[in-house]
Amino acid sequence: MSLSKIENQNDIYSERESFELSGPTHLTSIDWTNPDHRRSVAACLVQGVYILERDRQENRQASEALAPPWWNFFQFDLHSQLIDDADSCIFGAIYKSKHPPSQHTPSYVIAFRGTLIRGNAFTRDLELDIHIIKNGLHQTTRFEIAMQAVKNLVASQTSNSKSNIWLTGHSLGSAMALLAGKRMAKTGIFLDSYLFNPPFFSAPLENIKDPNIKHGIRIASSFLTAGLAVAAKLKNANQQRNMAEDSFLALAGWVPCLCVNPMDHICSEYIGYFEHRKKMDEIGAGGIERLATQHSISGVFLSAIGKESHEPLHLLPSANLTVNLTPAVDFKDAHGLHQWWRCDQHLETRVYS
């Protein structure tokens, strides 16, 4: 790559890291009851974590640091940073609000960044991405650090203020926030969560253009999954409670906000995952789909043969799903975080429960 191209690429990165050039400077007054404003603030605080790590890598300090405007603009302080024990990179941050406490305003926001493809954090981030694919994120030390930070913050708050803690993240970071949110929900604590481009690794059915073929494959998958679940349950009939069903039902009251782009194959399957339930109800197979939704084929199969299985990250009974229908330039654009605070996007939101 020529020197001029490298300099041009660096200018693009610097522009995207600058709040004055790329942030939602139009949000001079935040309406905390407005879902668009809440989503935008959450996305910007995640961006702040990305830039914190970039500031560390580039040794940008004091007035040279680009991260502070991403939270200062919305009247937040940087309460603490979350550091990975493997490579000492910054993967998360806890922000404390300067706003007076209220029903809609978060007192604290715990944010997690996604994979950085530049700098020395990439190797560790890629390792975590592989753990997501293998359904083993919960076994990593980075998640243990994140989960402990969430627990400690929640434990430090009064009963009334626990609900004023937000979780948010992008890509790998949204998987961290989703897993942490599920853990807390199973203890009866429902944290407001904003998950941007959360990973859903499966066959890319959402990319199939023919809706009949796509729907047919999903119906077949639902019947197969439900059948395996019933068979496994009969095999373990001596157990009075089905752990998978109990775990799933415990999440029913938690409604995280999922923000996905149909052109992003990493997260697009969430669209079909939730819409398929509605279609199964319409054909009178809602009960089968409700059973299938609580399980994964691989998980049921492993349990049936006596091997340990872990609940897939994407299994959710409820969600507030926001889909960006604005045509994306490319995959990078569809998976990017900036789309979620831009005011020129065509977004559709639907609540599933």
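What's the ranking of 266-275, 191-200, 54-63, 248-257 by average number of surrounding C-beta atoms within 10 Å, highest first?
191-200, 266-275, 248-257, 54-63
Would you mind counting up the charge near residue 172? Only other residues with Cβ under 13 Å from its Cβ, with Lys and Arg at +1 and Asp and Glu at -1.
-2
Bear in mind these aren't lab numbers, they're just calculated from the coordinates by the rules spelled out. As the structure is a prediction and not an experimental result, all values here were calculated from the model. Methodologically, a virtual Cβ is constructed for each residue, glycine included, from the backbone with ideal geometry; neighbour enumeration extends over all protein chains shown.
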